[in-house]
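Following: one structure in structure tokens, then a few remarks.
Nothing in this text is a laboratory measurement; each read-out follows from the coordinates by a stated rule. Everything numeric in this text was worked out from a predicted model, so none of it was measured. Cβ coordinates were reconstructed from backbone atoms using ideal geometry, including for glycine residues, and neighbour counts include every protein chain displayed.
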Amino acid sequence: MNKLTLLAITSMGAMLVAQTPSTDAQPAPAAAAAPAAPAPVVKLRGSIWASGEISDKTLADGTMPFHSMDAANGGFALDGATLGADITLTSGWGIKLTVLGGNMGKLLNYTDGEAGPGSTMANANQTTLAEAQLIWTGASDTFKIGRMWTPLGMEVADQTANITATRGILFCNVLPLSQVGVNWHHAFAPSFSIDLYAINGEDKVVDNNQGKTYGLQFTYNHGGAADKFATLIVFRGPELSGLGADANKGAEGQQRERGSFSGQWVWGASTLQWEADYVSNPDLTGVKTKTKGVGLIYKNQFTDNWAGFARAETIKSTTLDASLKQTSFVLGAERKWGSTFARFELRHDSADKGVYNYADVDGKAFDSANSATLSFGASF
């Protein structure tokens, strides 16, 4: 039997089968269609905050003494605004994006080198992509790659998520703002987890050294609660100042070492936040500047709309025989209308020696300053 005959017989048999009435009263079920892939889910979020400040001491550049990250002395300004999106994809994957604007956007562009060599705070761009992460989330693990905020400290860049009206001296003088790299988070239990980091460098979008900075974080959440936690973080890496041709070449063997212990405890109407920091930062010759600092923030929610807050901080930096100690005290109140707030704050900063010069008296230094701040903000 040749192939053509076999093909003809097979075709006729198929036709006969197709014409034979079925003995089954029910029609044959149609083949099940493949399930459609779920569409991405996008969740938008945002915030905005602005403040006006006045100090009894003035600087030539108009910034606030001791806390230059806040609004200019005697002025009212848009301190910052964020617009973000959390995009849920499929199989545990997602994307997180946050655009930052205002004075905080300028500050982040200036500190991370995106403004370019020789740039100043004044001519830095006001808008930047502060977060851009690809995220995978599993049962006990989370993996992130991209640009992210630093995990260090008790205060964050988004002022609407903080308690006080101004930035602390630890936030302004000791801690970085952001980092670019990878982060792996593993939860051993609801109350205990670890994180590993490998980053280009603190506040650096582009690597300016020959190695990476690595970090290890331990976190304890009391009873698995998100508002009762303590975190210990250590970082070590060849951190350099400057980018490109301005980078301090030759300091590759010098390692910046950082440790931070921070946390929060909420009970009833009270919230307590704490922070203790240590940084050892060598220069080109290997001489180390060692900085230690501690801070406390307390808030009491008197009613649904009214709250009072206080903050106390101190830092001390030592290089060989030179040292500088600074302290800061804050007392203020907050009024809320839903997700909108107004905060009023009185603040006193001091140092054990003159660290700033008066704007109108050349070369005359001062060692303390008092300020008042009124800030407004909202989030969604």
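Per-structure values
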{"quantity": "Sequence ranges 166-173, 95-102, ranked by mean other-Cβ count within 10 angstrom, highest first", "calculated": "166-173, 95-102"}
{"quantity": "Over the range 133-210: Rg over Rh, Cα atoms, Kirkwood Rh", "calculated": "1.02"}
{"quantity": "Low-density loop positions, trypsin sites (Lys or Arg not before Pro), the range 274-380 - DSSP coil, at most 16 other Cβ in 10 Å", "calculated": "LYS353, LYS364"}
{"quantity": "Anchor LYS364: aspartates and glutamates whose Cα lies under 16 Å away (excluding residues fewer than 8 positions away in-chain)", "calculated": "ASP56, ASP61, ASP352"}
{"quantity": "Over the range 303-380: Kirkwood hydrodynamic radius from C-alpha pairwise inverse distances, Å", "calculated": "15.1 Å"}
{"quantity": "Taking all pairs of distinct alpha-carbon atoms in the range 257-308, Kirkwood radius in angstrom", "calculated": "13.4 Å"}
{"quantity": "Largest-first ellipsoid semi-axes for the range 272-347, taking √(5λ) over the Cα gyration tensor eigenvalues, angstrom", "calculated": "37, 11, 10"}
{"quantity": "Over 18 Å between alpha carbons, listed pairs LYS212/LYS288; LYS299/LYS336; LYS96/LYS144", "calculated": "LYS212/LYS288"}
